[in-house]
1. Go through (1) closer than 16 Å to LEU7 by Cβ; (2) away from ligand 2 (no atom under 16 Å from the Cβ); (3) surrounded by 18 or more Cβ atoms within 10 Å (Cβ to Cβ) for TYR206 and report which single condition fails.
2. What number goes with the only condition from (1) more than 13 Å from the chain's Cα centre (by Cα); (2) in contact (Cβ under 8 Å) with a residue 12 or more places away in the chain; (3) at positive phi that ALA115 does not pass?
3. Tell me yes or no: at least one residue of segment 63-71 is modelled with pLDDT of 95 or more, touching an Asp or Glu at 6+ places or on another chain (Cβ under 8 Å) and within 16 Å of ligand 2 (Cβ to nearest atom).
4. Looking at (1) within 16 Å of ligand 2 (Cβ to nearest atom); (2) hydrophobic (A, V, I, L, M, F, W, C); (3) within 11 Å of ALA147 (Cα to Cα), which is the one condition that is false for VAL97?
5. Tell me, yes or no, whether segment 7-14 has at least one residue that is in contact with a helix residue (DSSP H, G or I) (Cβ under 6 Å, 6 or more places away or on another chain) and within 13 Å of ligand 2 (Cβ to nearest atom).
6. Looking at (1) within 16 Å of ligand 1 (Cβ to nearest atom); (2) surrounded by 20 or more Cβ atoms within 10 Å (Cβ to Cβ); (3) farther than 21 Å from ASN90 by Cβ, find the lone condition where SER192 falls short.
7. What tally of residues in segment 40-69 results from selecting those that are free of Cβ contacts under 8 Å to residues at least 24 places away in the same chain, more than 16 Å from ligand 1 (Cβ to nearest atom) and either under 12 Å from the mean Cα position of the chain (by Cα) or under 19 Å from SER21 (Cα atoms) (or both)?
8. Limited to segment 135-180, what total is found for residues that are touching a Phe, Trp or Tyr at 6+ places or on another chain (Cβ under 7 Å), farther than 20 Å from GLU98 by Cα and not in a loop (DSSP other than H, G, I, E, B)?
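The values are calculated or read from the model by the stated rules, or taken from the named source; none is laboratory data. If you're wondering where the values come from, they're calculated on a predicted model, not measured in any experiment. Here the Cβ positions follow ideal geometry from the backbone for every residue, glycine too, while neighbour counts run over all protein chains shown.
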Amino acid sequence: MSCSVELTNLSFKRLDREIFSGINLQVGHKEKIAIIGPNGCGKTSLLECVAGLEKIDGGEIRLFHKHMASMEDYEPIRVKIGYLLQDADNHFLCPIVEDDIAFSLLAAGVDRSEAQERTLAMMRELDIENLRGKVVYHLSGGEKKLAALAGVLIKEPSLLLLDEPTNALDYAYQLRLAEILAKLDKSVIIVSHNQEFIERVVDKIYTLSSGGLTLAANLRLEILHSHGDLPPHTHPHSHLS
Ligand SMILES: Nc1ncnc2c1ncn2[C@@H]1O[C@H](COP(=O)(O)OP(=O)(O)O)[C@@H](O)[C@H]1O
Ligand SMILES: [Mg+2]
């Protein structure tokens with residue numbers, strides 16, 4: 001399997017306190033997975049380590065087949081990683097929504113008219129054109145989440161790390177977001193408590209606990225089998241647990 005993310009025996013401490021250890025995970029090219037687990041079990045910390053925002057204490061992170069041995073190894077692949085932070089407030093660099101979404105394109109040298117066109121297209125896709133001229137700090141929690149997500153998706157990353165993407169989103173937006181994410185042709189890791197949402201989007205669900213990451217459900221598992229007089233066949237959607 002061609003993998004976008006390979007984690008081997010990862011461990012991570014904060015102030016000498018072990019947050020997680022023995023983490024093994026493979027996320028295939030364009031595979032979508034979710035990580036669930038109780039508050040404080042280390043889900044956000046794990047995403048921060050994968051994104052290179054925190055330094056692991058042991059084990060190995062490989063992204064797009066390259067060993068991330070130091071923070072410098074992240075530099076060439078940083079543009080491929082889109083990270084939606086748990087707290088959307090930490091995303092904003094410009095006071096006006098449209099400018100903020102366009103910011104990374106302009107910083108990458110995309111010309112102003114193309115950046116504006118792509119920004120409007122992204123806002124249309126997420127159905128947030130009405131937020132265009134608003135001040136980011138006046139937005140509701142759900143609106144902030146969507147504006148931050150637009151700023152992440154517009155960079156067209158190959159790997160998306162989404163921390164609690166449905167927090168503060170109403171049900172209609174959750175459905176819309178699930179639909180958008182499900183059809184994205186990218187590798188995706190979602191941390192979420194929202195079971196219905198993740199089941200609409202991901203292929204596999206893992207549980208994070210002190211024992212590491214364990215596969216809780218494989219939602220796209222196809223097992224070749226036969227029963228009765230039927231020839232060998234598969235069913236597209238079965239659960240392990
Ligand atoms: N920046 C930080 N400094 C110190 N402790 C932190 C920091 N971020 C998280 N923690 C602690 O690390 C543990 C794991 O937190 P976190 O990864 O946010 O868990 P989760 O996302 O699963 O709720 C928690 O006990 C939390 O209080
Ligand atoms: Mg968290």
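1. (2)
2. (3)
3. For segment 63-71, residues modelled with pLDDT of 95 or more, touching an Asp or Glu at 6+ places or on another chain (Cβ under 8 Å) and within 16 Å of ligand 2 (Cβ to nearest atom): absent.
4. Status for VAL97: all satisfied but (1).
5. no
6. (3)
7. 3
8. Qualifying residue count for the region: 3.
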